[in-house]
Amino acid sequence: MKKWIPATSGLLAGLVAATVFFGDFSSNTRSEASDATIKSNAEKVYVPFGEKDEYYLFASGGHSGQMFIYGVPSMRHIRTVPVFSLDSATGYGWDTHTKELLGDYTWGDLHHPAFSETDGDYDGKYMFATDVGNSRAAVMNLETFTTRDIIDVPNTSGPHCAAFVTSNTEYMFLPTRFAVPIGRDYAPLDEYSEKYRGVMSAVTFDEKNEKLNIAYQVALPPWSYDLSDAGKKMSADWAVMTTYNTEEATTNLEINASQADRDYIVLFNWKELEQLVKDGNYDEVTGQKMIFPEKHKGGIYLVPVAKSPHGVDVTPDGTRFIASGKLAPSMTVFSFEKAFKAIENKDFSGERNGIPVLKYESVMEREVDPENALGPLHTQFDDKGMAYTTMFISSEIVKWDPNTGETLDRVPVQYSPGHSVAAEGDTVAPDGKYIIALNKIAKDSYLSVGPSHPESMQLIDLTGDKMEVIQSAPVNPEPHYAQMIKADKIKTISVYPKDENNPDAVYKQEETKIVRKGNEVHVYGIAMRSKFIFDANAKRPDQIEVNQGDKVIIHLTNIDFDQDITHGFAINGYDLNMEVQPGQTNTIEFTADKAGTFPLYCTNFCSALHQEMTGYFLVKPTN
Ligand code: RUQ
Ligand code: CUA
């Protein structure tokens, strides 16, 4: 059964301006599959109660701004961790720390998540992500699954092409999707080629203080940078990224950015860029150390590639990079060794914007064009180095051998996969057990919820002779990319340890207090099963009374040092909400501008008497 359905959405629909082909999926439906297959697939994904999943899946939450955590193989959604958007379920964005993290932004568009790495392997300590919506980068701590830092990335507009970290988390590179004038200054689009730049940011992470920092930036030509990957092993000092709109079109990109036959892969050596900065070989602009490649020479090269490429992926052994062309039906395998030789021999065909252009033939190893496979986007790898490329238009994953270009297997998915993610897929040693197709369109896969459907993730078993789809799970918009890590690599804590040095924390009931300093009211309170104590010595310890116009600072410590006993704190009618996890101290600050009587309560069901965990916030009118 072949289905031809006019495209209504999707990354390529406009570009291809034709129809999207939805592959033959009949073998996955009940009518066609044998009962034995259904039973064996069900067993493969069933995780009995008391046992845990083998992998964590961190799926980007796209324009929800959040990160979705799943278990594999069950594909159960375990948690949503707020990153770039407000989240009332956890009070994220209301308490002082997370409010400061979000700043004035209320939403984000989280694209590509990446784990911290040690020796090219996921070390299970941190997760990085970027926000295409408001140009930010974030880091999440994996002991607590909480966002620890967010930074604005000036000059880089929509760091879509990130985050990809180097083998020892030295850098995370954030190239820009949208070129803008440096400083985001006003400049008419007629001056695009002269005034606009595609700035890439090099971000470092200070693990001790859990802080992100922009080390330097590179003012690349005003093109769009699409996807990137860091080198590995022999290519560990290098990184690659795809470009489109090297035509420098300023309108109607779907046509104008696809004129030239070739775009480029930017190949750069970050050790050399680091050295340029160390040598003072940069300009200081907008408070950033900015490398202008036409002036501060070295370390950056262009490799011609079939027009409008999308993904570029480095093989686990670090010897090759594979580009996929959304407008070309083929994948192109490039060799790092050939590229290094060409650079050494200055085997250039010319320059663009002061950057040397390598010859395609000098770097290319082979073009791979599986029969009838259309719309290759991204490639992942297994434990034997075999490649798996998602085909957006022909809705399938094609397995092929990068050494020979031979097609080995293919499996239809439902439908239009963007990325796929393999178990430990971006490391030097992928596991090869599973791959998950991250499909843009679910269409007829689940119970209907109206005209708009969820996206879908399909788990594929790689252990048999043939790839086999064994589970399908709906997911909220939108899993742009995901990372799959062995569960035992992540070591979470079960309670926050006591911090006697924290001046805001109170661990003993008798030490709770409410202190007035002028028109500031400081509350040092406790949350415990099943009450709030703000001032143990007051007539009503669970009451806070202030004057209208007071600044109120409430510190709350959860003294239930017991895993999973989380309390919430909300003031009814005041639009305030925060969470205190076991052992945690959290702070909320606001001005009591509304006079009246406002009940306060615990939002998180914490005991049989949770409903009794309430109090009053009273605001005396000024006159
Ligand atoms: S991109 S569907 Cu936003 Cu990762 Cu390729
Ligand atoms: Cu504490 Cu409910």
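Read the figures in this text as sums done on the coordinates, not as results from a lab. Model, not experiment: these values are computed from the prediction. Neighbour counts run over all protein chains shown; Cβ positions are idealised from the backbone, glycine included.
Numbers for the structure displayed
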{"item": "607, 445 arranged by Cβ crowding within 10 Å, fewest neighbours leading", "result": "607, 445"}
{"item": "Residues with amide H under 5 Å from that of residue 472, placed H, sequence gap 5 or more", "result": "459"}
{"item": "Cα centroid separation, the range 338-405 to the range 507-561 (Å)", "result": "62"}
{"item": "The chain: antiparallel DSSP beta bridges as a percent of all, rounded to 5", "result": "90"}
{"item": "Peptide ranges 536-544, 563-571, 465-473 listed from the most packed, as the mean C-beta count within 10 angstrom indicates", "result": "563-571, 465-473, 536-544"}
{"item": "In order through the range 376-392: 3J(HN,Hα) via Karplus (6.51 cos²θ - 1.76 cosθ + 1.60), integer Hz, x for Gly, Pro", "result": "x, 10, 9, 10, 10, 9, 10, 6, 9, x, 6, 9, 10, 10, 7, 10, 4"}
{"item": "Gyration tensor over alpha-carbon atoms, the chain, equivalent ellipsoid semi-axes in Å", "result": "46, 31, 22"}
{"item": "The chain: DSSP helices with Cα axial extent of at least 15 Å and average Kyte-Doolittle hydropathy no lower than -1.0", "result": "35-45"}
{"item": "Selected from 269, 187, 470, residue furthest toward positive end of dipole (the chain; charges at beta carbon)", "result": "187"}
{"item": "In the range 126-186, the trypsin sites (Lys or Arg not before Pro) that fall in loop regions by DSSP, at most 15 other Cβ within 10 Å", "result": "none"}
{"item": "For the range 187-193, Karplus couplings with θ = phi - 60° (6.51, -1.76, 1.60), whole Hz, Gly/Pro x", "result": "7, x, 5, 5, 9, 3, 5"}
{"item": "Relative frequency of Cα-Cα separations exceeding 21 Å in the range 431-495, percent", "result": "40"}
{"item": "Orientation-averaged projected area, Cα convex hull of the range 272-323 (nm²)", "result": "5.5"}
{"item": "Cut-off under 5 Å, modelled amide H: who pairs with residue 227 long-range", "result": "242"}
{"item": "Violating pairs (Cα-Cα greater than 26 angstrom) within the set 208/297; 233/466; 271/338; 307/466; 39/384; 278/359", "result": "208/297; 233/466; 307/466; 39/384; 278/359"}
{"item": "Sequence ranges 114-121, 327-334, ranked by mean other-Cβ count within 10 angstrom, highest first", "result": "327-334, 114-121"}
{"item": "By average C-beta atoms within 10 angstrom, highest first, the peptides 373-380, 45-52", "result": "373-380, 45-52"}
{"item": "Sites residue 247 and residue 539, calculated FRET efficiency, Cβ-Cβ separation with R0 60 Å, nearest 0.05", "result": "0.20"}
{"item": "Backbone HN-Hα couplings from phi across the range 132-144 [Karplus 6.51/-1.76/1.60, Hz, Gly and Pro as x]", "result": "6, x, 10, 6, 10, 10, 9, 10, 10, 7, 9, 7, 10"}
{"item": "Computed E for residue 207/residue 601 - FRET, C-beta separation, R0 35 angstrom, nearest 0.05", "result": "0.40"}
{"item": "DSSP-assigned coil residues among GluC sites (Glu not before Pro) in the range 335-400, each with at most 14 further Cβ atoms within 10 Å", "result": "371"}
{"item": "Inter-site label distance for residue 89 and residue 486 at 7 Å from Cα along Cβ, in nm", "result": "2.9"}
{"item": "Nonlocal amide H pairs with residue 133, under 5 Å, H built at 1.01 Å", "result": "109"}
{"item": "Stretch gain in nm, segment residue 190-residue 340, where the contour uses 0.36 nm per residue and the Cα spacing is subtracted", "result": "50.2 nm"}
{"item": "Dipole of the range 509-620, positive end: most advanced residue of 526, 592, 553 [Cβ charges, Cα centre]", "result": "592"}
{"item": "Percentage of interatomic Cα-Cα distances in the range 509-620 larger than 25 Å", "result": "13"}
{"item": "Pairs of alpha carbons in the range 139-232 whose separation is greater than 17 Å (percent)", "result": "53"}
{"item": "Antiparallel DSSP beta bridges within the range 509-620, as percent of all bridges there, nearest 5", "result": "70"}
{"item": "Full-stretch length increase - residue 78, residue 501 - with 0.36 nm per residue and alpha-carbon distance subtracted", "result": "148.9 nm"}
{"item": "Qualifying chymotrypsin sites (Phe, Trp or Tyr not before Pro) in the range 127-230, DSSP loop, other Cβ atoms within 10 Å at most 15", "result": "186"}
{"item": "Stretch gain in nm, segment residue 367-residue 449, where the contour uses 0.36 nm per residue and the Cα spacing is subtracted", "result": "25.3 nm"}
{"item": "Residue 47 versus residue 618: modelled label distance in nm, points set 7 Å from Cα along the beta carbon direction", "result": "5.0"}
